[in-house]
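Have a look at the structure below, then the notes.
Where a number appears in this text, it was derived from the coordinates with a stated rule and is not lab data. As the structure is a prediction and not an experimental result, all values here were calculated from the model.
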Ligand SMILES: Nc1ncnc2c1ncn2[C@@H]1O[C@H](COP(=O)(O)OP(=O)(O)OP(=O)(O)O)[C@@H](O)[C@H]1O
Ligand SMILES: [Mg+2]
């Protein structure tokens, strides 16, 4: 088993008085792709937002053995956690290239990659580098959001429903680039509703229902329990 990178223990989360997560336990190992699956409203986005310091939590979130629950989002990002939210979060009036540069972390020594690497991975973004991001297709905006987060050189990236609303061919492309991230040593926590790419690329899966984990296992275990 790979070393633990992210460990949630008995995590609870709240929006004001609504109690949404009820004691979530989950782990992501170094170099793993792990999926967090579940229906609408199960609490998947709340889980990643709580890890990221965007929702109030109780319990424990450890990243490389350090407690990060209670820290601010910018501090958590600084430890090496990247977050790609479910709504494509680009600056529509800025060009593709300007959007990418906004993701860079100033002062980071020897980042794993820069804009040129993004363009190599996604030639489509290179073709569009001087285009206003607002006119890109949904799939291209999804790639751009991902790339902007990668420009900050995270060691763990959490991606919320990257395939939502994309054509099947583009969904396959998303699966390919997530595998490429893993090859480059980035761990991935993939949030999905559909099982398609999750079962194809994950080492392990968690299924969430009503704010707690109801199943944990390999894609093969999950298929057998479908
Ligand atoms: N800002 C908020 N304030 C109050 N309740 C919220 C808020 N955001 C989400 N919730 C509630 O928390 C529960 C979990 O929502 P969450 O967004 O985590 O679900 P999800 O698993 O990501 O599903 P989906 O993305 O399909 O909506 C839902 O009941 C939702 O209504
Ligand atoms: Mg969600």
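The table for this structure:
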| item | result |
| --- | --- |
| Against the rule of thumb 2.2 N^0.38 Å, how large the Cα Rg of the stretch 4-224 comes out | 0.98 |
| For the stretch 4-224, share of DSSP beta bridges that run antiparallel, in % to the nearest 5 | 55 percent |
| Calculated [θ] (222 nm, deg cm²/dmol) that DSSP helices of n ≥ 4 give over the chain, each run adding -39,500 (n - 2.57) | -9000 deg cm²/dmol |
